1. Over the alpha-carbon set of the range 3-85, divide Rg by the Kirkwood Rh and report the Rg/Rh ratio to two decimals.
2. What are the equivalent ellipsoid semi-axes of the range 101-291, built from the alpha-carbon gyration tensor (square roots of five times its eigenvalues), in whole angstrom, biggest first?
3. Hey, can you grab everything whose amide H is under 5 Å from the amide H of VAL102? Only 5+ residues off in sequence or another chain; H modelled, so Pro and N-termini drop out.
4. Contact order normalised by length for the range 62-208, with contacts defined as Cα pairs under 8 Å and 6 or more residues apart; what percent is it?
5. Quick one: what are the phi-derived ³J(HN,Hα) couplings along the range 142-157, Karplus 6.51/-1.76/1.60 with θ = phi - 60°, whole Hz, x for glycine and proline?
6. So what's the projected area for the range 122-184, the Cα convex hull averaged over all directions, in nm²?
7. Quick check on the exposure proxy: order THR167, THR191, THR408, THR212 from fewest to most C-beta atoms within 10 angstrom.
8. Using modelled amide H (1.01 Å from N, peptide plane; none on Pro or chain starts), what sits under 5 Å from the amide H of GLN109, excluding residues fewer than 5 places away?
Amino acid sequence: MFESLSAKLDGVFGKLTNSGKLSEKDVDASLREVRLALLEADVDFKVARQFVKSVKERAGGEKIYASLTPGQSVIRIVRDELAEILGGETVELERVDKPPSVIMLVGLQGAGKTTLAAKLALSLRKEKHPVMMAACDLQRPAAVDQLKQLGKQIDLAVYSEEPSRSTPVKVAKAAVKKATDENIHYLILDTAGRLAIDDDLMGELEEIRDATSPVETLLVLDAMTGQDAVRSGGEFNDRIGITGIVLTKMDGDARGGAALSMRSATGVPIKYIGVGERPDQFEVYHPDRIASRILGMGDVESLIEKAETQFDTDQAVELEQRLRKNQFDLNDMLQQFQAIKKMGSMTDILGMIPGMSALRGKFNPKDIDERQMAHVEAIISSMTTAEREQPTIINGSRRKRIAEGSGTSPAQVNQLLNQFTQMQKMMKKISGPGGKRALMGMLNK
Ligand SMILES: Nc1nc2c(ncn2[C@@H]2O[C@H](COP(=O)(O)OP(=O)(O)O)[C@@H](O)[C@H]2O)c(=O)[nH]1
Ligand SMILES: [Mg+2]
């Protein structure tokens, strides 16, 4: 997500940081380029204009031209303002005191409502809440089956009725009753969509809303539809009244501008993003982290959280500390490889590692060979604890033993150790001050 915008901004900022002193004119020229990059990424033109204006005002007010590192200051201001148009603070899901908290999902057909029901249910259950989903889309029999199937896949209860003998509002009411009886904390209502907004659909949604008083009405929007999504967002909000937006298919949207404009255009906070078809490909929307990701500053927090869903919490906290303190060893490398295998898209993961977005285009993540990953696991597993923590002690005889134990060759062990040294060096450089420039230097060698 945001690949092309990131790449463009990277170019603009590269110029800014390379020149020591900056005049107001230099900054103006850069900001013009930033504005173009935003427009090309499908950001609403009013939002882009306001953005540039705010950055200029702050740059003037903070007297950055007199500072020693004006380029860095401009980038910091851009980052803060970007987080601001993306929505500022993270907005949490509301809940009611007396369960169930009803969460109604609305949106056009194909936006990703049914998929989101499962994603949200799974994430709430991870927080130890009892959750239930209800199939209120009776337009097609297949819609009920789809939700039931997803429920089975993640082992979560789905309330449904025979479509030919019920109505959406009946299902919704019965589901609320059942959820109340069973002390379910969150009840997620999956509803029907249409190809375009029409009165029938809005009427049906209003009826469900009035019968269940949802604490959250989440509008699910396909990020790939760009400015169309922004428009339909406004219409849904006028008729139904929405409390939050979920942008799905962010994995497929290289431009990403819809996301950037959505908050400013509708005034409704974005709460989640969908980044793939699987029930675990889902993230809480954090404006500041997304801003950092767009600017190629990495998003260590989201990376940790992704890892957290695979490791236990203690492990994740430890990994965070180690990453920050540059104590990255072979055990961490092994853990990372194992987690990466479970975490899905390599491109997304790379985008979250500080400085790594600069690697985009330099190599294709798909080139990372599954077999090579298997070797990494085998080789590290054949090492002793001491060797993993301090790979420098691995001499010729140890190397031979490790190769034999893992069914590889000493050359392959060597190759892995070289990779590790590179990775360790890079982690050290890019997490220190001036990290990004250091990385660029290494890449251009
Ligand atoms: N790549 C990607 N596909 C998604 C995402 N969310 C949903 N989809 C796909 O979009 C299609 C429509 O999703 P569905 O949940 O049935 O939409 P609904 O009609 O709003 O209920 C399905 O093929 C989903 O697998 C996402 O975040 N990323
Ligand atoms: Mg559906």
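1. On the Cα set of the range 3-85, Rg over Rh gives 0.94.
2. Taking √(5λ) for each eigenvalue gives 25, 19, 15 Å, largest first.
3. Correct list: LEU187, VAL215, GLU216.
4. Relative contact order, the range 62-208: 32 percent.
5. Values per residue, Gly and Pro as x: 5, 5, 5, 4, 4, 5, 4, 4, 4, x, 5, 4, 9, 6, 10, 5 Hz.
6. Here the figure is 4.2 nm², rounded to one decimal.
7. With the sparsest Cβ surroundings first, the list reads THR167, THR408, THR212, THR191.
8. Result for GLN109 returns ARG194, LEU195.
Here, each number is a calculation from the coordinates, and none is a lab measurement. Everything numeric here is computed off the predicted structure, so don't read it as measured data. When we count neighbours, we look across all protein chains shown, and the Cβ atoms used for this are built from the backbone with ideal geometry, even at glycine.
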